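The block underneath contains the structure these notes are about, expressed in structure tokens.
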Amino acid sequence: MNRPTTKNEKVASHNKRTVLDFSGYNGFKCITEGSKMDISHRKVNKILQFKDANGNPIADQEIHVQQTNHEFLFGCGAFNFIPYVMEGGEENKQLTDSWLDIFNYGTLPFYWGNYEREEGVTQKDALMKTAQYLQSKNVKVKGHPLCWHTVCADWLMKYDNETILKKQLDRIEREVKGFKGVIDMWDVINEVVIMPIFDKYDNAITRICKEKGRVALIKEVFDKARECNPEAVLLLNDFNTSIDYEILIDGCLNAGVPISAIGIQSHQHQGYWGREKLETVLERFSSFGLPIHFTENTLISGEIMPPHIVDLNDWQVDEWPSTPEGEQRQAKEIEEMYRVLFSHPLVEAITTWDYRDGAWLNAPSGFVRKDNSLKPSYIMLKDLVKKEWWTDTTVKTDSEGRVSVEAFKGEYRLSAGTLGADAKLSDDKEQTVVLG
């Protein structure tokens, strides 16, 4: 797909309006006036031919087509898995079990200032064991982030800029190579639009970004990550969805930065963006022709943060309770947002940042409450991911063992009686499946 070399136009706003029928927890229906969201690109429509181990057609037989995983990445912060993997405990198990009932994609924390508080002493053991556990549950894992000016390692400050950059690149090599095969997706660099002008406190990464410039630093860290894992999915990630981020992406692509996907943060503590803004953001960033990941999504079920707060981190409260009315609102807004994103062909992943209330900013931002009880948003999303957007059906082969199947893209268990096989259905090409 061709992309423009500059961004010099605003995208016209959409004038479609959405009406939400909010009549209970088990099936919020999103009704769009004037158009229906098209999700045909999320499905295969193909011929499957079934044979036995001897190559004979499995003719005139019923085949159970049972989905086991989505191709689309339904994600959530997976930080809660670390205490479960390292310490166990019934409460931790309850929390992680309910997480696994919906999600197939988890983000683990690699904030340098926490991962390596003392130079040379890392949290690799805990992160590796946790990532391996998630992988064993058929969950794709992403590391977040490799380079960021916030939660940076304080011990870097004693070095000059040349040494800081070398240590940053060494850090990328250590993590990307060390976790290869377990974590093959990374937010390589985070929030670069603000990075060189960040003035909350002095830090090593802002220093080198000021010296090198945004695009030059991005290219250095991306090139190192790509060198260390040529097959990795590498994201540029930012909360800034203004023209500034578009200009930055454009500059990176013109400089040959190997960006795999564009990461868009959508922390909405101050209120839901709404469908119009979502579609405008999607249209603008789709112009680059790259996959889009909504990497950090937040919608809360309590009082909305006041609009005068510029930096969300400045809103510090002792209590931020979830309310029944807020939980209804959260479920409704999350449903609409997921439907809009799932219907867009370039969106490959959605990650809600907090799984349980009371995480970042103590906000009521999770799918479960602080006592691990399920909120309406959990029930709604599970219904979407594992029912409405899920395939579990029975079909019957013809005399040649062939059958037409329409199914959501993903991984499947295909079986006929005692015979079975695992298969991935990802395109419309005819496919032969041998059941054994």
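Over the chain, what is the relative contact order in percent, taking alpha-carbon pairs closer than 8 angstrom and at least six residues apart?
Worked out over the chain, it gives 27 percent.
Mean-square fluctuations from a GNM of the chain, with a 10 angstrom spring cutoff on Cα atoms, peak among PRO230, PRO291, PRO376 at PRO230.
Kindly provide log₁₀ I(q)/I(0) values, in the same order as q = 0.12, 0.17, 0.21 Å⁻¹, from the Debye equation applied to equal alpha-carbon scatterers of segment 252-399. Here the Debye-derived log intensity ratios amount to -0.58, -1.00, -1.32. Full extension of the segment from LYS180 to LYS200, taken as 0.36 nm per residue of separation minus the current Cα-Cα distance, would add 3.8 nm. Under 1.5 on a/c is rounded, so check that first for segment 83-203, then, if it is not, pick prolate when a/b is larger than b/c and oblate when it is not; a ≥ b ≥ c are the square roots of the alpha carbon gyration tensor eigenvalues. Cα axes put segment 83-203 in the prolate bin. Using a Gaussian network model of the chain whose springs link C-alpha atoms within less than 10 Å, name the residue from GLN168, GLN123, GLN265 with the highest mean-square fluctuation. Maximum fluctuation in the GNM of the chain, among the listed residues, is at GLN123. Compute the angle between helix 324-342 and the longest alpha-carbon principal axis of the chain, please, reported from 0 to 90 degrees and rounded to the nearest 10. With rounding to tens, the tilt is 70 degrees. The phi-based Karplus calculation (6.51 cos²θ - 1.76 cosθ + 1.60; θ = phi - 60°) puts the 3J(HN,Hα) values of segment 418-434 at 8, 8, x, 7, 8, 8, 10, 10, 9, 8, 8, 6, 4, 9, 9, 10, 9 Hz, whole numbers, x for Gly and Pro. With θ taken as phi - 60° and the Karplus curve 6.51 cos²θ - 1.76 cosθ + 1.60 applied, the whole-hertz 3J(HN,Hα) list for segment 85-93 is 5, 8, 10, x, x, 5, 5, 4, 5 Hz, x standing for glycine and proline. If the chain linking GLN135 and GLU406 were pulled fully straight, counting 0.36 nm for each residue of separation and taking away their Cα-Cα distance, it would gain 94.8 nm.
Charged side chains reduced to their Cβ positions (Lys and Arg at +1, Asp and Glu at -1) give segment 71-385 a dipole of some 640 debye around its Cα centre.
Taking the number of Cβ atoms within 10 Å of each Cβ as an exposure proxy, the fewest-first ranking of PHE179, PHE79, PHE50 is PHE79, PHE179, PHE50.
Of the beta bridges DSSP finds with both residues in segment 71-385, what % are antiparallel, to the nearest 5?
About 5 percent, rounded to the nearest 5.
Measuring r between the beta carbons of GLU118 and ASN313 and using R0 = 30 Å, the FRET efficiency lands at 0.75. If you model the chain as an ellipsoid using its alpha carbon gyration tensor, with each semi-axis the square root of five times an eigenvalue, the axes come out at 37, 26, 24 Å, biggest first.
Taking the chain as a Gaussian network of alpha-carbon nodes connected by springs under 10 Å, the highest mean-square fluctuation of the residues ILE218, ILE309, ILE259 belongs to ILE309. Per-residue extension of 0.36 nm, minus the Cα-Cα distance of SER242 and ASN362, leaves a gain of 40.5 nm for this segment.
Rounded, prolate or oblate: which fits segment 335-395, taking a ≥ b ≥ c as square roots of the Cα gyration tensor eigenvalues, rounded meaning a/c under 1.5, else prolate when a/b beats b/c? It comes out oblate by the Cα gyration axes. With contributions of -39500 (n - 2.57) from each DSSP H run of at least four residues, the per-residue ellipticity at 222 nm computed over the chain stands at -9000 deg cm²/dmol. Working note: Karplus 6.51/-1.76/1.60 with θ = phi - 60° gives segment 302-310 the couplings x, 5, 6, 4, x, x, 6, 6, 8 Hz, where Gly and Pro are set to x. Rounded, prolate or oblate for segment 70-122? Axes are the square roots of the Cα gyration tensor eigenvalues, ordered a ≥ b ≥ c, and the cut-off for rounded is a/c under 1.5. In terms of gyration-tensor shape, oblate.
Taking Cα atoms only, the orientation of helix 214-228 departs from the longest principal axis of the chain by about 50 degrees.
Within the chain, the longest segment free of exposed loop sites, counting trypsin sites (Lys or Arg not before Pro) that fall outside DSSP classes H, G, I, E and B and have at most 16 other Cβ atoms within 10 Å, spans 201-369.
A simple spin-label model places pseudo-atoms 7 Å from Cα toward Cβ; at ASN69 and ASP101 they are separated by 2.1 nm.
Where a number appears in this text, it was derived from the coordinates with a stated rule and is not lab data. Predicted model, so just to flag it, every value in this text is computed and none were measured. In this analysis, Cβ positions are derived from the backbone assuming ideal geometry, glycine residues included, and neighbour counts consider all displayed protein chains.
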